[in-house]
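Have a look at the structure below, then the notes.
The values are calculated or read from the model by the stated rules, or taken from the named source; none is laboratory data. All of these numbers come straight from a predicted model, not from anything done at the bench. Here Cβ is always computed from backbone atoms with ideal geometry, including for glycine, and neighbour counts include all displayed protein chains.
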Amino acid sequence: MTQAANPYAAPAAQLTSGNKLCESCGAEILVKAEICPKCGVRQRRPVSKAVLLLLTFFTGGLGGHKFYLGKHWQGLLYLLFFWTYIPALVALVEFVIYIFTSSERLNEKYSAAPAGVVIAIVVVAFVGVVMIGILAAVAIPAYQDYVQRARVAGAIASVAPWRQAIEMHYFDTRKLPAGAADLRKDAVPGEAGGRQGSSVSLGPNGVLTVTMSSQSGALAGKTIVFQPDVASGAMRWDCTAGTLERRYRPASCRAQ
Ligand SMILES: [Zn+2]
């Protein structure tokens with residue numbers, strides 16, 4: 001039993017430089033040794049406080065620091081719920097706790113993951129941020145476009161009762177109204193305007209102008225003009241005029 005730890009051995013301070021004591025059997029082994037050549041027990045990797053703080057701060061919301069400390073299941077939990085921002089909040093608290101924890105205490109509590117895991121955490125976090133950036137760059141304009149088209153659709157829908165009232169007037173009188181006063185009172189929609197605040201005005205010859213509301217962002221104040229065409233006996237509407245850009249119009253209201 002000459003291999004057993006010797007209680008009378010020299011203290012650690014007198015170790016040959018570049019050596020350490022095995023955590024299990026106390027034999028003097030290389031600092032870099034991952035497994036003790038004497039007893040075969042895996043040595044814990046020292047936790048770098050700097051690496052831990054950086055990983056917690058920059059990748060904590062994705063559980064990067066948990067993977068670094070070898071707590072893979074916790075890391076996975078952070079990763080699965082990163083979108084709730086709760087892991088990021090928890091990581092921020094942990095970041096503060098780690099700041100006030102000494103390196104010695106961190107090393108007693110935790111064992112670091114191999115360098116490969118740290119690189120993987122950084123790469124995954126970087127790729128994730130880039131991908132979220134690309135998705136946002138594509139999705140945000142697409143969403144804004146969708147909102148604008150929805151506003152235009154709402155504005156166009158608000159014209160429908162006016163068109164109906166003008167058609168009724170035309171079939172009754174064979175004339176186009178010069179203004180709202182010519183129309184039957186009960187057929188004219190309220191002055192409140194259309195949905196989402198767009199307003200409709202009736203001009204001479206039954207021409208309707210829809211003006212986008214001031215809450216329509218870039219489209220505020222833009223118009224779509226509806227002109228009745230009675231040349232063929234039936235009433236047809238042309239809505240290609242107005243200041244609203246072609247790209248926001250439905251196909252039926254685009255100039256050829
Ligand atoms: Zn050992």
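Side notes on the structure shown:
- Selection within the stretch 210-239 - surrounded by fewer than 16 Cβ atoms within 10 Å (Cβ to Cβ), touching a helix residue (DSSP H, G or I) at 6+ places or on another chain (Cβ under 9 Å) and not in a loop (DSSP other than H, G, I, E, B): G217, A218, D238
- Hits in the stretch 34-53 (condition: within 16 Å of the ligand (Cβ to nearest atom) and free of Cβ contacts under 8 Å to residues at least 12 places away in the same chain): E34, I35, P37, G40, R42
- In this structure, T2 qualifies as more than 12 Å from the ligand (Cβ to nearest atom), modelled with pLDDT under 90 and of a type in the set (S, T, Y).
- Each residue in the stretch 14-40 was checked for being under 46 Å from the mean Cα position of the chain (by Cα) and not in a strand (DSSP E or B), and 4 pass.
- Residue that is under 23 Å from R44 (Cβ atoms) and not in a helix (DSSP H, G or I), where the choices are A120, A113: A113
- Evaluation of K175 against (1) more than 30 Å from P46 (Cα to Cα); (2) in a helix (DSSP H, G or I) (one fails), failing number: (2)
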